[in-house]
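**Student:** Can you keep this structure in mind? I'll have questions shortly.
The values are calculated or read from the model by the stated rules, or taken from the named source; none is laboratory data. This structure is a prediction, so every number in the text was calculated from the model and none was measured. Every residue, glycine as well, gets a Cβ built from its backbone with ideal geometry; the counts of neighbours run over all protein chains shown. Heavy atoms of the whole protein, side chains included, go into the accessibility calculation; ligands, DNA and RNA do not. Shrake-Rupley method; radii C 1.70, N 1.55, O 1.52, S 1.80 Å.
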Amino acid sequence: MHIIVPIKQVPETSNVKMDPETGTMLRSAVEGIINPLDLFAIEAALRLREAKGGTVTTITMGPPKAEAALRDAIAMGCDRAVLLSDRRFGGSDTWATAYALGLAIQKLAPFDLVICGERATDGETGQVGPGIAAYLDLPLA
C-alpha cells in the first residue's frame, strides 16, 4: 500500500510577528512547524502502514526551508518525502496549491490513498485537500 500525505509548514503560532506597515505576517521571522492538523494525517498513515504494510510518502509545497517539515515527517516514520519548491509558487491560492500538489501526486503513482489534514492553521480554508481530490477525481471523506 502506498499512502501519500500532503503536509504544510506553518508558522509556530506562539511567535507570530506582523509587519506594522502592511499588516501581513512576517513568515521569515517565525519558525516553521508541521501544520498541527497534518500530524493527525501522518499518524493515520503510519498506523495503516503498520497494519497493512507499504510506504508513506509525504509531500509539501513551499520555500526551501519547508524541507525541515519533511525531515520531521521522516523522523516520525514516513518513508519518503517530496518538496515542491519554486519562487513561482509564492502567493499561490488554494486552487493553485491543490493543482500543483495534484500534479505531483500523479507523478508519485501508483498510490492507494491520499490522507490530508483538515485544514492549515495559517489559512483556515480547508480547501486544499478537497481540491486535490477533485483534481485527481478521487472520492473525499
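**Student:** Filter the stretch 65-77 down to the residues that are open to solvent by less than 50 Å² (accessible area, probe 1.4 Å) and either within 18 Å of Gly123 (Cβ to Cβ) or acidic (Asp, Glu) (or both) and list them by number.
**Tutor:** Selection gives Ala66, Ala69.
**Student:** Listed residues Ala104, Ala75, Ala109, Ala100; which is at pLDDT 95 or above, in contact with a helix residue (DSSP H, G or I) (Cβ under 9 Å, 6 or more places away or on another chain) and either hydrophobic (A, V, I, L, M, F, W, C) or not in a loop (DSSP other than H, G, I, E, B) (or both)?
**Tutor:** That would be Ala100, the only listed residue that is at pLDDT 95 or above, in contact with a helix residue (DSSP H, G or I) (Cβ under 9 Å, 6 or more places away or on another chain) and either hydrophobic (A, V, I, L, M, F, W, C) or not in a loop (DSSP other than H, G, I, E, B) (or both).
**Student:** If we scan the stretch 25-32, do we find a residue that is modelled with pLDDT of 95 or more, surrounded by 14 or more Cβ atoms within 10 Å (Cβ to Cβ) and touching a strand residue (DSSP E or B) at 6+ places or on another chain (Cβ under 6 Å)?
**Tutor:** No, the stretch 25-32 has no match at all.
**Student:** Of all residues in the stretch 112-129, how many are open to solvent by 50 Å² or more (accessible area, probe 1.4 Å), touching a helix residue (DSSP H, G or I) at 6+ places or on another chain (Cβ under 8 Å) and either modelled with pLDDT of 95 or more or assigned to a helix (DSSP H, G or I) (or both)? Explain how you work it out, then say what you get.
**Tutor:** Restricting attention to the stretch 112-129, the residues satisfying the condition of being open to solvent by 50 Å² or more (accessible area, probe 1.4 Å) are 112-113, 118-119, 124-125, 127.
With touching a helix residue (DSSP H, G or I) at 6+ places or on another chain (Cβ under 8 Å) added as a condition, the list becomes 113, 118-119, 125, 127.
Remaining after also requiring either modelled with pLDDT of 95 or more or assigned to a helix (DSSP H, G or I) (or both): 113.
Within the stretch 112-129, residues that are open to solvent by 50 Å² or more (accessible area, probe 1.4 Å), touching a helix residue (DSSP H, G or I) at 6+ places or on another chain (Cβ under 8 Å) and either modelled with pLDDT of 95 or more or assigned to a helix (DSSP H, G or I) (or both) number 1.
**Student:** Output the residues belonging to the stretch 49-64 that are surrounded by 14 or more Cβ atoms within 10 Å (Cβ to Cβ) and in a helix (DSSP H, G or I).
**Tutor:** Arg49
To keep it simple, each residue is scored yes or no on (1) without any contact (Cβ under 8 Å) to a residue 40 or more places away in the chain; (2) among the aliphatic types (A, V, I, L, M).
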{"residue": "Ile59", "(1), (2)": "no, yes"}
{"residue": "Val82", "(1), (2)": "yes, yes"}
{"residue": "Asp86", "(1), (2)": "yes, no"}
{"residue": "Thr97", "(1), (2)": "yes, no"}
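**Student:** Here is a check on your reading of the model: is Ala133 part of a helix (DSSP H, G or I), at pLDDT 95 or above and open to solvent by less than 80 Å² (accessible area, probe 1.4 Å)?
**Tutor:** yes
**Student:** Which one is least open to solvent (accessible area, probe 1.4 Å) among residues in the stretch 78-97 that are assigned to a loop (DSSP other than H, G, I, E, B) and in contact with a strand residue (DSSP E or B) (Cβ under 6 Å, 6 or more places away or on another chain)? Don't jump to the end; show me each part of the working.
**Tutor:** Restricting attention to the stretch 78-97, the residues satisfying the condition of being assigned to a loop (DSSP other than H, G, I, E, B) are 78-79, 85-86, 90-93.
Next cut, in contact with a strand residue (DSSP E or B) (Cβ under 6 Å, 6 or more places away or on another chain) only: 78-79.
Working: Cys78: 7, Asp79: 72 Å².
Taking the candidates together, the pick is Cys78.
**Student:** Pairs, please: C-beta under 7 Å, at least 6 apart or cross-chain, first residue on the phi > 0 side of the Ramachandran plot and in the stretch 125-141, second assigned to a loop (DSSP other than H, G, I, E, B) and open to solvent by 80 Å² or more (accessible area, probe 1.4 Å)?
**Tutor:** Gly126/Glu118
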